[in-house]
Amino acid sequence: QVQLVESGGGLVQAGGSLRLACTASGRTFSRYGMGWFRQAPGKRREFVSGITWNGGGTYYADSVKGRFTISRDNAKNTVYLQMNSLKPDDTAVYYCAASRETKRLLPSEYDYWGQGTQVTVSS
């Protein structure tokens, strides 16, 4: 069992930055691929970024490529999402998730989820 807790959301102006963190309980964090998803009101949950178990591979949705950076610190059981050049379209609840598999893009392929953190970007 893995429990995930996100933090770092908030209100920011367009062009600004935020850094999200997701801390996991348990000693098996390093065995999981991690992902960030987001869900805006009235929209489906969508993939944002993912990272392999050892951080050796990262992947991004086209909409955030070049602006967001995912990283992880297995010693701290934490995965991060650095978000730069934020746009109003980035406004959503952001969720982190853990998968026993690697390089997964669909929510159904993730086994554990956090409760989400709100990111609001004003224009």
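The values are calculated or read from the model by the stated rules, or taken from the named source; none is laboratory data. From a predicted model like this one, the values you see are computed outputs, not experimental measurements. FYI the Cβ positions are ideal-geometry reconstructions off the backbone, even for glycines, and counts take in every protein chain you see. What goes into the accessible areas is simple: the full protein's heavy atoms, side chains included, and nothing from ligands, DNA or RNA. Shrake-Rupley method; radii C 1.70, N 1.55, O 1.52, S 1.80 Å.
Among the residues of the stretch 21-56, write down those that are over 20 Å from R104 (Cα atoms) and buried (at least 19 other Cβ atoms within 10 Å of the Cβ).
Selection gives nothing.
For the stretch 24-60, name all the residues that are touching a Gly at 6+ places or on another chain (Cβ under 8 Å) and in a loop (DSSP other than H, G, I, E, B).
Once the filter is applied, which keeps residues that are touching a Gly at 6+ places or on another chain (Cβ under 8 Å) and in a loop (DSSP other than H, G, I, E, B), the stretch 24-60 yields T52, W53.
Can you pull out every residue in the stretch 57-82 that is under 10 Å from the mean Cα position of the chain (by Cα) and open to solvent by 70 Å² or more (accessible area, probe 1.4 Å)?
T69
Report whether or not S99 is out of contact with any His (no Cβ under 6 Å at 6 or more places or on another chain), open to solvent by 40 Å² or more (accessible area, probe 1.4 Å) and of a type in the set (S, T, N, Q).
Working: out of contact with any His (no Cβ under 6 Å at 6 or more places or on another chain): yes; open to solvent by 40 Å² or more (accessible area, probe 1.4 Å): no; of a type in the set (S, T, N, Q): yes.
Spelling it out, it is not the case that S99 is out of contact with any His (no Cβ under 6 Å at 6 or more places or on another chain), open to solvent by 40 Å² or more (accessible area, probe 1.4 Å) and of a type in the set (S, T, N, Q).
Which residues, taken from the stretch 83-96, are within 13 Å of the chain's Cα centre (by Cα) and aliphatic (A, V, I, L, M)?
Let us first name the residues in the stretch 83-96 that are within 13 Å of the chain's Cα centre (by Cα), namely 83, 90, 92-96.
Correct list: M83, A92, V93.
Within the stretch 103-123, take every residue that is exposed (fewer than 14 other Cβ atoms within 10 Å of the Cβ) and among the hydroxyl-bearing types (S, T, Y) and give me the one that is modelled with the highest pLDDT.
Selected residue: S122.
Exactly one condition in (1) assigned to a loop (DSSP other than H, G, I, E, B); (2) open to solvent by 40 Å² or more (accessible area, probe 1.4 Å) is not met by L86; state its number.
With respect to (1) assigned to a loop (DSSP other than H, G, I, E, B); (2) open to solvent by 40 Å² or more (accessible area, probe 1.4 Å), L86 is out only on (2).
Only one residue in A75, A21, A98 is outside any loop (DSSP other than H, G, I, E, B), without any contact (Cβ under 8 Å) to a residue 40 or more places away in the chain and aliphatic (A, V, I, L, M), so which one is that? Give the derivation first.
Numbers: A21 fails: without any contact (Cβ under 8 Å) to a residue 40 or more places away in the chain; A98 fails: without any contact (Cβ under 8 Å) to a residue 40 or more places away in the chain.
On inspection, the qualifying residue turns out to be A75.
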